[in-house]
1. Could you sort the peptides 600-612, 250-262, 507-519 by per-residue average Cβ neighbour count (10 Å cutoff), highest mean leading?
2. Do any of K74/K342; K74/K272; K28/K74 go past 22 Å between their Cα atoms, and which?
3. Return the FRET efficiency for the residue pair C109, S326: r is the Cβ-Cβ distance, R0 is 45 Å, and the value is rounded to the nearest 0.05.
4. How high is the relative contact order of region 302-393? Use alpha-carbon pairs under 8 Å, at least six apart in sequence, and give a whole percent.
5. Apply 1/(1 + (r/R0)^6) to the Cβ-Cβ distance of K248 and K28, taking R0 = 60 Å, and write down the FRET efficiency to the nearest 0.05.
6. Report the calculated FRET efficiency for H263 and H543 (r = Cβ-Cβ distance, R0 = 60 Å), to the nearest 0.05.
7. Taking the Cα centre of region 318-459 as the origin, how large is its charge dipole in debye, to the nearest 20, when only Lys and Arg (+1) and Asp and Glu (-1) carry charge on their Cβ atoms?
8. With a ≥ b ≥ c the root eigenvalues of the C-alpha gyration tensor of region 34-80, is it rounded (a/c under 1.5), prolate (a/b larger than b/c) or oblate?
Amino acid sequence: MGAPEKLATSSNNSMQRVKVYRLNDDGKWDDQGTGHVTVDYLERSEELGLFVVDEEDNETLLMHRICSDDIYRKQEDTIISWRDSEFSSEIALSFQETTGCSYIWDHICNLQRNLHFDTIRNDSYHGANNELRELPAVELSTLPSILKVVVDGSVTDQLCVTELILHDQIFFRKLMDLFRVCEDLENKDGLHMIYKIVKGIILLNSPQIFEKIFSDELIMDIIGCLEYDMETPHVHHRNFLKDHVVFKEAIPIKDPLALSKIHQTYRIGYLKDVVLPRVLDESTLASLNSMIHSNNGMVVTLLKDDTTFIKELFARLKSPTTSPDSKRNLVFFLQEFCTLSKSLQVVQQLRLFRDLVNEGIFSVITDILQSEDKKLVLTGTDILIFSLNQDPTMLRSYVSRQEGVPLLGLLVKGMLTDFGDDMHCQFLEIIRSLLDSFSSGGQVRRDAIVEIFYEKHLDQVINVITSSCPPNGSKNSAKPEILMNICDLLCFCVLHHPYRIKCNFLLNGVVDKVLHLTRRKEKYLVVAAIRFIRTLISHNDEHLMSYIVKNNVFKPIVDAFICNGSRYNLLNSSVLELFEHIRKENIKTLLKYLIDTFWNELAKFDSLPSIQSLKLRYDQAQEHATNNQNNNTETRKRVDERGLEKEEEDYFNEDSDEEDSASMTRGGRIRTRPGPGVSNGSGGLVDYEDDEDDEDYKPPPKKHLEEDEGTLEFRLKRKFLAKKEETDIIKKRKLVGKTQTQKPKESVFATLCSTLSQTVLPSTTTSTTDNKSTNEENKSEESEAGKGVAQL
């Protein structure tokens, strides 16, 4: 079946371009194809339906008869769906443009209304207008009857009247002719009656009627009719629209449909906001807003699709020969164009913005921000806000490059500039977005922007504070709103760039300079400075805390708190909250600093719970520190005593081992031979004598052994006498620390063990009598040494 003729055509087929979807048995939407949708008559029938024709092969993808019983749904401004009773399945049309969706939706609603009206007219409905087949003739004498038909009656009657007005092609023309006659004759009653009729027709809330009354042919007479409201003073709206409203084209718009929609949108807005603001109900107001939104989307679509229009716009903005007035109008047009683009779908908005970036919109804004016209500068910031809402990464990418560096400086300058009553926070918002460390995008770009800001603009911002506070403050100081914005920006930097605190805030004295704000008479600026300190200490950095204590940073804050006295205000609450944070987080450095330094002043406010809690926490911390110190001292003493007792015990054990080793050396058949260059007794190499040497071996004389034993006993007695003369701990340490020789006792013991490890057991040739005598000598020496120790 071929596609029938279209009822309506559009200058842009993309506005009716759709995808057809059908819901399958699995609950998923199947794509049936892409084509163009129209509303047309079914073949060999007077019924209307929806047709979707494939955009490639012109085959019919969908043919649906519009029925009054079907329930159609409009979703997200681009989707129309319904349940097809013929196929018992859900059908959905997804439109490429919102304007195309609105266009088809209005047709469907209009057709359903007509079908419903025909059904009511054929039924035995007993209403006020059930016998009405046409409207009364438009004459001065019939105005009361027309008013009754339009205003009185039920919802069904209003639907009937709407259809009669739409089918009567000359109704509005006759009514406007009668209005001009009454105005010429100054017939107040007739004019008042016509005002009520026109107002009633508007409240019928029909999009088709709106299209008629807002046309170029009728709109001025319609507004003239609405001037004669007897309940309000007469206002000459037509004179204002003719004499004061001038349509300016910053750049010529060649598309007639776009021009028509622009004019219509303005008239709808004027009628909604100026002429009938008290009369319109919510449903009518919503319909008018929908028309405005649809018209804006259509205008932007028509202009963005015209590539020559966009290129010509930016060529004029960049041209040095463009006059200041013309350039001003071009900037205002660009701002309005960006604002109207919000009527597009998100994908379409992003695509449009990327086209603007490719044309050089950021370089244009950089040039705008250098203007002396403050209104023009604020307009440029509005365009930047639009760019941030679309894709912030594009602006960051531009600013991080060399050509974008001046833009950041201009934004900082704008934040510090007084714009009078038009002062806004756009500059602050844009800078914060650029410095946001948690935003998406390249880390390298963000770091580059942050580096540029701290290197080139932080001092510039801080100097504004110091020059605006006493004693440096003067009449030319910055406005309080600017100083507030600076504090907000600094708090933002502390939160997002904590690694910059030491190198950029502490070393450069930024903290002390910000606290100059406590000298200002505006209490909210003092609170802003306290909020900055509160943000700083939230990081709980030890280096920062030491800086605060060393530089007595809290003194201006405490002074401001004392000067505020007992007044319960925001300043009082902010300082108490600061103290409460220090107490809850148990920041011991600041806690001790506050009480030790300022308690004499703060004691006057000890009735406040926060001050009481702060002092209590300080006392607890001091008590805890004292207890810990005492416990640590006692613990160290006990550890030292246990260690010394063990060392003393080890010492005596080691001396006994040394004596045993010495006895074995003297009594055994072991003999050392000094190595080359080493004197006897200095620890030479050990020789293993054979049996013949053992037979010739002669033990040292008994006199020498007795001398050795006497020497050992004398040294031990001298050590214990020295131990008696000093305290227990010193005696024990000296007992362990001194040895019989110049070497430490550990070395002596190690040497003896080494010597014993290299000895050889007596051979079998050695006589048993010699072994027994040697063992007996060793035992006798051990017993004598033990008796000596016991006597000492």
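1. Averaged packing, sorted descending, gives the order 507-519, 250-262, 600-612.
2. Pairs exceeding 22 Å: K74/K272.
3. Calculated value: 0.55.
4. Computed value for region 302-393: 31 percent relative contact order.
5. That gives a FRET efficiency of 0.70.
6. Rounded to the nearest 0.05, the efficiency is 0.35.
7. Roughly 380 debye for region 318-459.
8. It is oblate, given that a/c is not under 1.5 and a/b is not larger than b/c.
The values are calculated or read from the model by the stated rules, or taken from the named source; none is laboratory data. Nothing here was measured: the structure is a model prediction, and the numbers come from that model. In this analysis, Cβ positions are derived from the backbone assuming ideal geometry, glycine residues included, and neighbour counts consider all displayed protein chains. Areas reflect the complete protein model, heavy atoms only, side chains present, ligands, DNA and RNA absent. Shrake-Rupley method; radii C 1.70, N 1.55, O 1.52, S 1.80 Å.
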